[in-house]
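Here, each number is a calculation from the coordinates, and none is a lab measurement. Source: prediction; values computed, not measured. Cβ coordinates were reconstructed from backbone atoms using ideal geometry, including for glycine residues, and neighbour counts include every protein chain displayed.
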Amino acid sequence: MAAVILVVGFLGMIQAITVGSEMLATARRQTLANQILTHEIEKLRLQSWTTVSGLTTSSTAVTIDSRFDEAVAACGLTSSAITLTRVTGNIDTDGDTVTDLKEVTFTLTWTKGGTSTAAAAPTGSWLDQLAFYRPSVIARTYTRVSVAYFGKYGLNLNIQRS
């Protein structure tokens with residue numbers, strides 16, 4: 001009886017470690033996404049108003065700086081699993097046709113690898129089958145959005161959403 005209780009306790013600890021490590025990996029990816037978005041906003045802050053006001057209003061794919069390649073790989077992602085887009089909008093503050101304020105929205109999306117459908121039956125080792133989880137993980141997509149406002153006369157604000 002004691003051995004059964006011990007085995008159940010160990011299986012519970014294995015499951016807790018698995019869940020904890022997955023939560024840690026998700027937090028690491030969220031932090032990396034925040035750093036990439038902040039980097040893009042700060043790069044735009046260094047540009048002149050002429051450059052910022054000349055950005056297209058349609059959705060534009062943005063290349064992620066190669067300095068993040070190592071961090072992306074360390075998070076268990078590939079560069080093809082991450083997409084960064086920029087959408088720029090004009091904000092009319094005084095009713096005339098001249099826009100002195102731009103809203104720039106960056107959206108970073110990444111997909112954690114896995115299959116697109118759940119396994120029909122548990123697969124893997126006997127330990128995987130006893131651990132009460134499915135070893136074939138379903139792919140999950142995450143999105144992080146950051147909005148920045150750029151003014152002709154120096155107004156710079158940003159808002160981040162997960």
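Numbers below:
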item: Whole-Hz couplings from phi, Karplus 6.51/-1.76/1.60, listed for the stretch 46-53; x for Gly and Pro; result: 7, 7, 6, 4, 4, 5, 5, 6
item: Ratio of the Cα radius of gyration of the stretch 3-62 to 2.2 N^0.38 Å, where N counts its residues; result: 2.17
item: Within straight-line cross-link reach of Lys152, lysines at Cα separation under 28 Å, skipping those fewer than 8 residues along the same chain; result: Lys43, Lys102
item: Stretch gain in nm, segment Ile17-Ser48, where the contour uses 0.36 nm per residue and the Cα spacing is subtracted; result: 6.2 nm
item: Share of Cα-Cα pairs in the stretch 1-109 lying beyond 19 Å, as whole percent; result: 61
item: Net charge, Thr63 excluded, C-beta distance under 13 Å - Lys, Arg +1, Asp, Glu -1; result: 0
